[in-house]
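Since the structure comes first, as C-alpha cells, the remarks are kept for the end.
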Amino acid sequence: MKKIIISAGLFLLPLANIQAQFTDINIVKEVKVINKGVVASAHPLASEAGAQMLSAGGNAFDASIATQFALAVVYPQAGNIGGGGFMIATTSGGKRISLDYRETAPAKAFANMYLDKKGNALPELSQNGHLAVGIPGAVAGMFAMHKYAKLPMAKLIQPAIDLAEQGFAITPDEAQLLNEHKSDFIKYSSGPSAFVKNTDWKTGDILRQPELAETLRRIQQSGEKGFYEGKTAELIVAEMKKGKGIITAADLKNYKVQERTPLSFPYKGHEIVTMPLPSSGGILLAQMFGMTSLIGLDGKEVNSPEAVQLMVEAERRAYADRAEYLGDPSFVADKTEMLTNADYIRRRFADYNPKAATPSSAVGKIIPAKESEQTTHISVLDKEGNAVSATTTLNGLYGSRTVVAGAGFLLNNEMDDFSIKPGVPNMYGAVGNEANAIQPGKRMLSSMSPTVVLKNNKPAIVVGTPGGTTIPTSVFQSIVNVIDFKKNANEAVNLPKFHHQWLPEVVSVEEGFPQHTIRELEKMNYKIQKREKIGRVEMIVVEDSGFIHAVGDGRGDDSVAWEK
Ligand code: GLY
C-alpha cells in the first residue's frame, strides 16, 4: 500500500516513524533532537538518505552528498546531477569553506547568442532546450565536498541508485508538475524519458528511472570521470548535437569547481557566513543586514509596518547595486569590498525615509533581469558540530526540460541567469548589465545564498532556500525572525514572507500577510502585490537549551530526518 503521511507536529526522538519502503512517503516537518545529526531538504526520501549516512558514522558532508544525489532522483524538478550549486560549511575544527560548483558557459558561447539579427532577445532559447544548458557542476561539486567527508563515495551514491532503480511513490505536487510539463519533456528532449508516460501521473504512482540508475552507477564506479568523460559525457554531447546545443566533450572534461573564501560579517553577536561571488546572495545579505542595522529592528514587531518598511528599503538599494555591479569575479572587477564596507552602506542608506517609499528610480539606473525560482536547498548539522548549507539548481522548473537520452537526467537552463541582453529581465524579473554578460567559461550570476550563522564560533543557524531573486530576502527574513524577533525555527520559516527587489517597484507579500501592515505600507506609497509562495526554507536552529530544531518548509514536500 502507498501512503503519504504529513506530520506537522514537533517530535522528540524516538516518537517519529520513518518508513523504510520507498512506496511510503512520510513527510516530517520538524524535529527537535539533542546530540544527533539532522538533515532538512525538499523531499523526505532525500533527507532520509542523508540521515542514513549520519547513522552510519558519516558527518554533515557525507549526509549532504547523499541527500544531493537522492534529490537528483526523487526531486527532478530541481534536484540534479545536470545542474550546479554552492556550498557553505563550517567545521567543528573552525574551518569555513565555500565551494562553487556553478555551471559555466560553454567554450562556444558568446555575448549575443540569444539575440536575433535585429538584436531582439530570444528568451525561448536561453530558457528551454539544448542551447539553454550551462556545463553542469553538481557532480564535480560532490567530489570536491567529499574531501571533507568520512565515508566512501560509493556508499553515499547508493541510496540514490536504489531509489532510481526500485522507484518511489510520487507526491501530489510532483504528480501535478510532471503532468503539467509532459509536453515540454517531449518537445525539448530527443528521446523517451522516465518522466513521460501515456496516462497521467497520480499521487503514489511509482517513478522508476533505470537510465539514471545506470548513470549514477557509472559515477559510483569511475568517480567524476563517470560523468565528465566516458559514456555519460558521450550521451550528453550526443544529446547536444540532436538539439543544436553547444556543449562539447572538452567543455565537460575541463569543468572545474572553485573553492572560495566565504563572505562573512557580524550581526548582533553572531557571525553570518555566506556565499561570495558569483552569487549575489552574500553581498545582498551583507548590505541588507548592514543598512537595517543603521536604524535597528529593536522594539519593532515581526511583519509590522515599521519593520517591513525598513527591510524593504534596504532590499531596494541592495538589489539596485546587484543589477549594476555584479558578475563572475574571474571576468569582471570584484566589487564586494566596495559594496559591503560600512562607509558605503551608510552613504547608500543616507536617503532612507521612514515615512515613505523611496522611488526605485532614485536608487539605481540599470534595469534588472528575472531569475527562475526552481532551486533546492539542503541544511545539515552533525553531532560533532559540522554545518553544511548547500543550494543546488537546474534554474527553471525541470531546467531546460531536456533529458539526456540514454542517461536519464535533466539538464539545467542556467544560461538564462546571464544577462542575455542588458536590461532584458531573466526568468525571475531581474535585470543585469555587462558585468553579467555571457563569455566562454564564465559563471552566471546567482542569487543562491547557502548560509551558516555562528555564535561563539559554533553553528547557531543553518539556512537556505530556493526562490531565484527571492532567495537572499527569504534568508534575510528567516535569520532576522530568529535573531531579532526571537521566533523559533518553525515560526521563522513559516511566517508569511515579503520580497522587494528594486525593480519591479512592488512589494510582494504571501497569503496571510498582516492586513494592517499592507494598509500602512500602501499609505506610504508602496505598491503591494499578493503572491502565492515565497521560498522553501530549510532551517536548523541550535537553541540556547542545546536542542537542535530542524524544520522543512511548510510550503512544499520539505521534510527533516535525523541520525538514529
Ligand atoms: N538559478 C537561480 C540562481 O542561481 O539564483
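Give the aspartates and glutamates whose C-alpha is closer than 20 Å to that of Lys527, dropping any in the same chain fewer than 8 places away, or say none. Partners within reach: Glu306, Glu313, Glu315, Asp351, Glu505, Glu510, Glu511. Sequence-ordered 3J(HN,Hα) estimates for segment 200-215 from the Karplus curve with 6.51, -1.76 and 1.60 and θ = phi - 60° stand at 5, 6, 10, 3, x, 4, 8, 9, 10, 9, x, 5, 5, 4, 5, 4 Hz, glycine and proline given as x.
Please tell me which of these pairs span more than 28 angstrom C-alpha to C-alpha: Lys108/Lys187; Lys268/Lys442; Lys32/Lys268; Lys36/Lys253; Lys455/Lys487? Result: Lys268/Lys442; Lys36/Lys253 exceed 28 Å.
Return Val404, Val560, Val542 ranked ascending by Cβ neighbour count within 10 Å, so the fewest neighbours appear first. Least to most surrounded, the residues fall as Val542, Val404, Val560. Candidate cross-link partners of Lys147 among the aspartates and glutamates, defined by an alpha-carbon separation under 16 Å and a same-chain spacing of 8 or more, comprise Asp62, Asp100, Glu224, Glu259.
Ranked from largest, the principal axis spans of the Cα set of the chain equal 64, 59, 45 Å.
Working note: 222 nm ellipticity from helices only, DSSP H runs with n ≥ 4, each -39,500 (n - 2.57), summed and divided by the residues of the chain, gives -9500 deg cm²/dmol to the nearest 500. A straight Cα-to-Cα reach below 21 Å connects Lys530 with the lysines Lys370, Lys497, residues fewer than 8 places away in its own chain not being considered.
Exposure proxy shown here: for Ile378, Ile471, Ile246, Ile219, the number of other Cβ atoms within 10 Å sets the order, fewest to most, as Ile246, Ile219, Ile378, Ile471. According to a simple spin-label model (label point 7 Å from Cα along Cα-to-Cβ), what is the distance in nm between Glu532 and Lys147? A separation of 4.1 nm, rounded to one decimal place.
Simple spin-label estimate for Glu491 and Leu122 gives 5.3 nm between the two label positions (7 Å along the Cα-to-Cβ direction from each Cα). Extension gain, Asn254 to Phe547: 0.36 nm times the residue separation minus the Cα-Cα distance gives 101.0 nm. Shown is the FRET efficiency for Glu180 and Glu434, computed with R0 = 30 Å from the Cβ-Cβ distance and rounded to the nearest 0.05: 0.25. The modelled label-to-label distance for the pair Lys95/Lys202, using points 7 Å beyond Cα in the direction of Cβ, is 5.0 nm.
A short reminder: the numbers here are calculations on the coordinates, not readings from a lab. Note that the structure is predicted; figures quoted are calculated from it, not measured. With ideal geometry, Cβ positions are generated from the backbone for all residues, glycine too; neighbour counts draw on all protein chains shown.
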